[in-house]
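Structure first, then comments.
The values are calculated or read from the model by the stated rules, or taken from the named source; none is laboratory data. Small disclaimer: the values here were computed from a predicted structure and weren't measured. Note: ideal-geometry Cβ built from the backbone for every residue, glycine included; neighbour counts use all protein chains shown.
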Ligand SMILES: [Zn+2]
């Protein structure tokens, strides 16, 4: 499932091809997961001013409109795709020189068109945070740290994989309450997230099942996971524990994480 590193990979790859190019045509193949599609007609023949991501969401910005993609589990955005990627097309965007396909195998994904800034309801994108902002946001809450990290209304961009990996790296149990984590531990967690996300972007994200980048390639960061999906702890060799937190399987080491 795309999180910040995957969304950043996709948006930065697309940006080089799409920014400042004119959107000529939009072909809708399946409209059930598109919201506000009546607004799309206003965007035809406009220049795409920006391709970027806010947390996990990739967006195209036009003069007065935003198209926001929630890629959920199986969604993808690919540029000038090969034939085999066309089977699950939801929308085809024909820009003056390039074609972008939004596709999804299932129907949890969403494409939403907005007439005003769409991200005010979310917390800040993790990349914009300084350590003290991060600590301030989390210590105001009163819940398990993993739940707080994944709450997009607090901080945008962190999902299951990067929450598990960063908590393991910072040696903090995912069930610890946000109020009982020390300032020193928060600094460590911030650095873990920062470094893991940076490396994950360099490796074009993690492909566990369906994720592909904007060129249709799998990411490589799954080869660098230390705890997510693992059977044994790479530090102490004990069996990795799993629990469900908000319905997501959470991996941790009960020996190394306190
Ligand atoms: Zn361990």
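Looking only at helices (runs of 4 or more DSSP H) that lie completely in the range 138-227, which have at least 3 residues being touching a strand residue (DSSP E or B) at 6+ places or on another chain (Cβ under 9 Å)?
Output list reads 145-150, 160-169.
Could you tell me whether residue 181 is away from the ligand (no atom under 16 Å from the Cβ), at pLDDT 95 or above and under 19 Å from residue 56 (Cβ atoms)? Can you show your working first?
Values: away from the ligand (no atom under 16 Å from the Cβ): yes; at pLDDT 95 or above: yes; under 19 Å from residue 56 (Cβ atoms): no.
No; evaluated as a whole, the condition is false for this residue.
Okay, residues lined up against (1) on the phi < 0 side of the Ramachandran plot; (2) surrounded by 22 or more Cβ atoms within 10 Å (Cβ to Cβ); (3) at pLDDT below 95:
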residue: 18; (1), (2), (3): yes, yes, no
residue: 33; (1), (2), (3): yes, no, yes
residue: 45; (1), (2), (3): no, no, no
residue: 56; (1), (2), (3): yes, yes, no
residue: 62; (1), (2), (3): yes, no, no
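Does residue 197 satisfy the condition of being farther than 24 Å from residue 108 by Cα, within 16 Å of the ligand (Cβ to nearest atom) and touching a helix residue (DSSP H, G or I) at 6+ places or on another chain (Cβ under 6 Å)?
no
Filter the range 240-258 for residues that are out of contact with any strand residue (DSSP E or B) (no Cβ under 6 Å at 6 or more places or on another chain) and free of Cβ contacts under 8 Å to residues at least 60 places away in the same chain; which is nearest to the ligand (Cβ to nearest atom)? Working first, answer last.
The first filter runs over the range 240-258 and keeps only residues out of contact with any strand residue (DSSP E or B) (no Cβ under 6 Å at 6 or more places or on another chain), leaving 244-248, 253, 255-258.
Retained after the next criterion (residues that are free of Cβ contacts under 8 Å to residues at least 60 places away in the same chain): 244, 247, 255.
On the way: 244: 20, 247: 25, 255: 4 Å.
Here the residue is 255.
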